[in-house]
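Step one of this worksheet: look at the structure below.
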Amino acid sequence: MSVYLYNLGFSLANAAYGNFLPYQGSQTGLGQSDSWFQYNGTNLPPGVSDNLVPLQALNSSDWTRLTSSPSFVVGSDYVIVRIFNTDGVASPSSSFLLRLTAVIGHGNSAAGAPASTPLQSPFQVGSNARAVIDTDNSTNPPNWPQATGSDGAWTYCFGMIHGIINDYSCNIGATAYVAPGQQYAGFSAFGHDPQLHVVMTAVRNCKDSEDAA
């Protein structure tokens, strides 16, 4: 069993292109954006379950950055996504809110090949595939989620990996809302598209879909 964390940072000061921040060598710990981490503790991290759940602040020392994207083992591995701000204004506050959305694409067993399975997503809600993940609980932005932890990040467990061997595209998007009268007031949106490579027993490296393009 392994628990993997996909860490994405964003800056409201540089939102024109709608991109999360790339990984840079000067970033450290959980300040490393566009990075996969693996949990190095025992058992599951607090709050992690086979469901979509918000998590409290993560301990940086519990996570080891991976030099390449992981492969995921069915019925064993869990995925966490953490969104954090680098402008120094994100804190658990009603003036800074964020809606996280992920859409899982129909997988391909090999690049350019037809999908080997009708399964749309390796995540589940009940007994059904969870093809869309959305943390928005309202159409009214003031009711979007505040940061889930004291570190000012929005951290969510997506659940356990299910299904069979397959590759899935995963488009992760975040819309940030800053209340009027605050710095960077208004809406900003960010997106990225990692690939999820699901294996049964043997582990192969998976490259980000941007690298494969």
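Below, the figures for the structure above:
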item	result
Enumeration of residues in the stretch 5-19 that are in contact (Cβ under 8 Å) with a residue 40 or more places away in the chain, surrounded by fewer than 19 Cβ atoms within 10 Å (Cβ to Cβ) and either of a type in the set (A, V, I, L, M) or in contact with a His (Cβ under 9 Å, 6 or more places away or on another chain) (or both)	A13, A15, N19
Flag for Q56 being at pLDDT 95 or above and not in a loop (DSSP other than H, G, I, E, B)	no
Any hit, the stretch 37-47, residues being modelled with pLDDT of 95 or more and buried (at least 22 other Cβ atoms within 10 Å of the Cβ)	yes
Any hit, the stretch 93-110, residues being modelled with pLDDT of 80 or more, among the β-branched types (V, I, T) and part of a loop (DSSP other than H, G, I, E, B)	no
Some residue of the stretch 80-91 being of a type outside the set (D, E), at pLDDT below 90 and in a strand (DSSP E or B)	no
Condition met for L8 (among the aliphatic types (A, V, I, L, M), under 16 Å from the mean Cα position of the chain (by Cα), part of a loop (DSSP other than H, G, I, E, B) and closer than 18 Å to H192 by Cβ)	no
Pick from the stretch 56-74, criterion over 15 Å from L196 (Cα atoms) and small (G, A, S), ranking: surrounded by the most Cβ atoms within 10 Å (Cβ to Cβ)	A57
Condition met for G152 (in contact with a strand residue (DSSP E or B) (Cβ under 7 Å, 6 or more places away or on another chain), under 30 Å from T28 (Cβ atoms) and modelled with pLDDT of 80 or more)	yes
Count of residues meeting criterion [in a loop (DSSP other than H, G, I, E, B), modelled with pLDDT under 90 and of a type outside the set (A, V, I, L, M)] in the stretch 155-178	1
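The values are calculated or read from the model by the stated rules, or taken from the named source; none is laboratory data. Every value quoted in this text rests on a predicted model; they were computed, and no experiment measured them. As a convention, Cβ positions derive from the backbone with ideal geometry for all residues, glycine included, and neighbour counts pool all protein chains shown.
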